[in-house]
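Report on the structure given below.
Derivation of every value follows stated rules applied to the coordinates shown; laboratory data play no part. Quantities reported herein were computed from a predicted structural model and do not represent experimental measurements. Glycine gets a Cβ as well: all are built from the backbone with ideal geometry, and neighbour counts include every protein chain shown.
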Amino acid sequence: MRAYRIHWLLSLLLLSIPGCSRRQENADGRTTVTFWHSFVASSVPAVEELLREFERDNPTIHLNAQYVPTGDGLIQKLVSSVQSGNAPDISWIHSDFLDKLVEADALFPVA
């Protein structure tokens with residue numbers, strides 16, 4: 001079950017945005033990666049647990065998770081941040097919003 005949850009988290013992290021240059025190495029040597037999401041508020045504790053597991057399994061990475069209350073709010077924030085050159089490293093979005101990011105030229109292949 002744990003492996004399934006870790007794979008689920010990693011699948012969420014596949015949507016990368018051109019903000020990766022903002023990653024910073026902390027004084028403790030860990031790389032901070034900013035992650036925006038808009039999961040339903042009741043699922044946030046489960047997401048936070050998955051993030052803690054990810055960090056435990058990947059001790060050189062610190063995930064700075066930032067919750068945006070609505071999917072609409074998140075997509076508006078993402079498009080604005082991409083256009084201003086201040087996007088997060090990664091973000092989870094619903095597929096209904098992909099067209100907005102394509103129009104903003106905000107996606108790039110991970111592989």
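By the count of neighbouring beta-carbon atoms within 10 Å, fewest first, Lys100, Lys77 end up ordered Lys100, Lys77.
A crude spin-label estimate for the pair Ser42 and Asn26, with each label 7 Å from Cα along the Cβ direction, gives 3.2 nm.
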